[in-house]
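Undergrad: Below are the structure tokens for one structure; questions will follow.
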Amino acid sequence: MTTARRRATRQRLYDAAVTLIAEQGFSATTVDEIAERAGVAKGTVYYNFASKNDLFEELMRHGVGLLTASLRQAAEDAAARGGSRVDGLDAMIRAGLGFIVRYPSFTQLYVAELWRTNRTWQETLAVVRQEAVAVVEKVLGEAVEAGEVSGEIDVPLTASALFGMVLVAALDWQAFQPERSIDEVHAALSRLLQGRVGGTAARP
């Protein structure tokens, strides 16, 4: 199997697994169902992943990796446009909302799994979460160094708070206020950003 074909197959398996597990839970989801939903033979699942646990762990790593890349790119694009570091943080908020709109089932699973303590992939989940938060923390730290925000803030904790704010607010938006546009939600979170870090975020 070529690299491109295998990558496409793994993506189908990720998509099938995240949809099924969101619908019926991890324990109730079987490898047979994942294979059927993905349109592949059961053996293909085991060719790509050692077990259902391995598939789910890699799914978490893959999904959070996409989110991390999206956040990093948003900050880099803001900087390339001549924006401040706080503009970069604001761009990350927008990018995070866009990711959640695109991958709602994955985001629901990710947030749910953060609170579980009996999963074999907890350590992996903690590592990939920290990689995502570190992107926010880096830009926030640069904003402090540049004097854009107060040096009194706790950078690691504030970065985690901003990351969590976007996840939870977006899930609440999708579940209870779906009539709102992404522009409205972004504007509301931008105002929270301004109050949280004491800077002036770019307006959407």
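The values are calculated or read from the model by the stated rules, or taken from the named source; none is laboratory data. Quick caveat: nothing in here was measured; it's all calculated off a predicted structure. Cβ sites come from the backbone with ideal geometry, for glycine too, and all protein chains shown count toward neighbours. We work out accessible area using only protein heavy atoms, side chains counted, and drop any ligands, DNA or RNA first. Shrake-Rupley method; radii C 1.70, N 1.55, O 1.52, S 1.80 Å.
Undergrad: Filter segment 113-138 down to the residues that are of a type in the set (A, V, I, L, M, F, W, C) and open to solvent by less than 100 Å² (accessible area, probe 1.4 Å) and list them by number. Full working, then the answer.
TA: Keep residues of segment 113-138 that are of a type in the set (A, V, I, L, M, F, W, C), which gives 114-115, 121, 125-128, 132-136.
Listed by number, the residues that qualify are Leu114, Trp121, Leu125, Ala126, Val127, Val128, Ala132, Val133, Ala134, Val135, Val136.
Undergrad: Residues of segment 79-95 being within 23 Å of Glu131 (Cβ to Cβ), of a type in the set (Gly, Ala, Ser) and buried (at least 19 other Cβ atoms within 10 Å of the Cβ), which ones?
TA: Listed by number, the residues that qualify are Gly88, Ala91, Ala95.
A quick yes/no check of all residues on (1) open to solvent by 70 Å² or more (accessible area, probe 1.4 Å); (2) acidic (Asp, Glu):
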position	(1), (2)
Thr30	no, no
Ile34	no, no
Gly39	no, no
Lys42	yes, no
Asp54	no, yes
Ala74	no, no
Asp77	no, yes
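Undergrad: Can you tell me which residues in segment 162-204 are touching a helix residue (DSSP H, G or I) at 6+ places or on another chain (Cβ under 9 Å), loosely packed, with under 13 Cβ neighbours inside 10 Å and modelled with pLDDT under 85?
TA: Arg203
Undergrad: Do we have Gly65 as small (Gly, Ala, Ser), at pLDDT below 95, under 29 Å from Ser181 (Cβ atoms) and open to solvent by 20 Å² or more (accessible area, probe 1.4 Å) here?
TA: yes
Undergrad: Looking at (1) closer than 17 Å to Lys138 by Cβ; (2) modelled with pLDDT of 90 or more; (3) open to solvent by 50 Å² or more (accessible area, probe 1.4 Å), which is the only condition Gly151 fails?
TA: Evaluating Gly151 over (1) closer than 17 Å to Lys138 by Cβ; (2) modelled with pLDDT of 90 or more; (3) open to solvent by 50 Å² or more (accessible area, probe 1.4 Å) leaves (2) as the failure.
Undergrad: Return the total of residues in segment 120-135 being assigned to a helix (DSSP H, G or I) and either touching a strand residue (DSSP E or B) at 6+ places or on another chain (Cβ under 7 Å) or not polar (S, T, N, Q) (or both).
TA: 11
Undergrad: Based on this model, can you work out whether Phe106 counts as closer than 27 Å to Gln24 by Cβ and surrounded by 16 or more Cβ atoms within 10 Å (Cβ to Cβ)?
TA: Yes: the conditions hold for Phe106.
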